[in-house]
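The structure under discussion appears below in the form of structure tokens.
The values are calculated or read from the model by the stated rules, or taken from the named source; none is laboratory data. Remember, predicted model here, so these are calculated numbers, not experimental data. Quick reminder, even Gly has a Cβ in these numbers, built from the backbone with ideal geometry, and neighbours come from all protein chains shown. We work out accessible area using only protein heavy atoms, side chains counted, and drop any ligands, DNA or RNA first. Shrake-Rupley method; radii C 1.70, N 1.55, O 1.52, S 1.80 Å.
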Amino acid sequence: MTARLARFCVTLSFCVSALGRSPLAQEPLADPPLTFRSAVDVVTIQASVRDAHGHAISGLRSKDFEVRDNGQLRPILSLRSERSSLSLAILVDMSGSMRSKIGFARQAFASVLSQLQQGQDEVALFTFDSSLHARCDFTTDIASLRDALADFEAFGRTSLYDATATAARRLSERPATRKAIIVLTDGIDTSSTMTARQVSAMASSIEVPVFVVATVPSIDQRVMMEATERSTPSQAADLRDLADWTGGHLIFASTLVETVVGASTLIDELRQQYVLAIEAASGAEWRRLDVRVRRPSTFVKARNGYFAG
């Protein structure tokens, strides 16, 4: 009789415990915390804000920003500005046209690594010629990457846009709040199947800004700089468009010093970015984003759109 009673008590205890865990058996004691269900519901925007002198502006709050989605003012769900870890995909052009500029690329790569925090920031290294090559998977062991480019030689054609698209997809899966692609190249694409416009749209839709360090001679740099002054994007999209539309930058470097300084500046900018979130629109379509700060003489760099749905 005692054994039967014991078994009965154990069974009853199990049933009560299971019932207590059942969502049908209890009401929540309080409203659950706000959660974002998926990237379809929420659009995150990495934004850099600078004054008229090019200095980063800190201390801004949600009320200081204005975000328009296809012209419609949208409420800001959250704003983050604290320093956090970075997730970077670094793409190094190893095509034949880079043969005389590999030294620049290696120095720029070393400069980027020197700005990162061992054990916190993460980096993946890719090289590309006519295709993308994964050299080092995402790792927080920054020190292990210092000699990662020592043995590579320039050869082959350049598929810069295809390589950027593939890297953007891989980077989009990383959990970090601040992420970016950094491309070290001479800016000459010779064999991509995708265009800069297509890559820009794809990278913008999955929230990956693209920063380009273009190692070009001074003469070519002047021509490209004149193109960057266009008031509207060109129909034949280029590297400037690829960077601008995704919320990144195009930096020119014709000397070793410019290459190192430019690469370092990118990391500093990423660390000072604001990360905003708005509710995504419904319907499968491209939506244009316009991010501004309600202060005079401020300049904002952010992605220019996303794919709803």
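Apart from one condition, Ile219 fits all of (1) modelled with pLDDT of 80 or more; (2) open to solvent by 30 Å² or more (accessible area, probe 1.4 Å); the exception is (1). Of all the listed residues (Ala110, Ala163), the sole one being open to solvent by 10 Å² or more (accessible area, probe 1.4 Å) and either touching an Asp or Glu at 6+ places or on another chain (Cβ under 7 Å) or of a type in the set (A, V, I, L, M) (or both) is Ala110.
Name the residue that is farthest from Ala143 (Cα to Cα), counting only residues in the stretch 97-121 that are in a loop (DSSP other than H, G, I, E, B) and among the charged types (D, E, K, R). Give the derivation first.
First, pick out the residues of the stretch 97-121 that are in a loop (DSSP other than H, G, I, E, B): 99-101, 115-121.
Keeping just the survivors that are among the charged types (D, E, K, R) gives 99, 101, 121.
Details: Arg99: 26, Lys101: 24, Asp121: 11 Å.
The extreme case among them is Arg99.
Is there a residue in the stretch 83-96 that is in contact with a Gly (Cβ under 7 Å, 6 or more places away or on another chain), surrounded by 14 or more Cβ atoms within 10 Å (Cβ to Cβ) and not in a helix (DSSP H, G or I)? Among the residues of the stretch 83-96, at least one is in contact with a Gly (Cβ under 7 Å, 6 or more places away or on another chain), surrounded by 14 or more Cβ atoms within 10 Å (Cβ to Cβ) and not in a helix (DSSP H, G or I), which makes the answer yes. The set of residues in the stretch 138-165 being among the aromatic types (Phe, Trp, Tyr) and either farther than 14 Å from Phe128 by Cβ or without any contact (Cβ under 8 Å) to a residue 24 or more places away in the chain (or both) consists of Phe138 alone.
Before we move on, is Arg99 open to solvent by 40 Å² or more (accessible area, probe 1.4 Å), in contact with a helix residue (DSSP H, G or I) (Cβ under 7 Å, 6 or more places away or on another chain) and either in contact (Cβ under 8 Å) with a residue 12 or more places away in the chain or acidic (Asp, Glu) (or both)? Talk me through it step by step, then tell me what you get.
Values: open to solvent by 40 Å² or more (accessible area, probe 1.4 Å): yes; in contact with a helix residue (DSSP H, G or I) (Cβ under 7 Å, 6 or more places away or on another chain): no; either in contact (Cβ under 8 Å) with a residue 12 or more places away in the chain or acidic (Asp, Glu) (or both): yes.
For Arg99, the condition - open to solvent by 40 Å² or more (accessible area, probe 1.4 Å), in contact with a helix residue (DSSP H, G or I) (Cβ under 7 Å, 6 or more places away or on another chain) and either in contact (Cβ under 8 Å) with a residue 12 or more places away in the chain or acidic (Asp, Glu) (or both) - is not met.
The sole residue among Ala168, Ala196, Ala180 that is over 15 Å from Leu86 (Cβ atoms), surrounded by 16 or more Cβ atoms within 10 Å (Cβ to Cβ), among the small types (Gly, Ala, Ser) and in contact (Cβ under 8 Å) with a residue 60 or more places away in the chain is Ala168.
The residue of the stretch 122-160 that is nearest to Val92 (Cα to Cα), among those that are in a loop (DSSP other than H, G, I, E, B) and of a type in the set (D, E, K, R), is Asp129.
Just one of (1) over 19 Å from the mean Cα position of the chain (by Cα); (2) free of Cβ contacts under 8 Å to residues at least 40 places away in the same chain; (3) open to solvent by less than 40 Å² (accessible area, probe 1.4 Å) fails for Asp121. It is (1). Taken over the stretch 161-187, the criterion of being among the hydroxyl-bearing types (Ser, Thr, Tyr) and assigned to a helix (DSSP H, G or I) is satisfied by Tyr161, Thr164, Thr166, Ser172. Leu73 passes every criterion in (1) in contact (Cβ under 8 Å) with a residue 12 or more places away in the chain; (2) not in a loop (DSSP other than H, G, I, E, B) apart from (1).
One line per residue, one yes/no per condition, for (1) surrounded by fewer than 19 Cβ atoms within 10 Å (Cβ to Cβ); (2) modelled with pLDDT of 90 or more; (3) in a strand (DSSP E or B):
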| site | (1), (2), (3) |
| --- | --- |
| Asp268 | yes, no, no |
| Leu276 | no, yes, yes |
| Ser282 | yes, no, no |
| Arg288 | yes, yes, yes |
| Arg295 | yes, yes, no |
| Tyr306 | no, no, yes |
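When the stretch 235-260 is filtered for residues that are touching a helix residue (DSSP H, G or I) at 6+ places or on another chain (Cβ under 8 Å) and surrounded by fewer than 17 Cβ atoms within 10 Å (Cβ to Cβ), only Leu256 remains. Looking at Glu173, is it free of Cβ contacts under 8 Å to residues at least 12 places away in the same chain, more than 25 Å from Ser264 (Cβ to Cβ) and open to solvent by 50 Å² or more (accessible area, probe 1.4 Å)? Against the criterion (free of Cβ contacts under 8 Å to residues at least 12 places away in the same chain, more than 25 Å from Ser264 (Cβ to Cβ) and open to solvent by 50 Å² or more (accessible area, probe 1.4 Å)), Glu173 qualifies.
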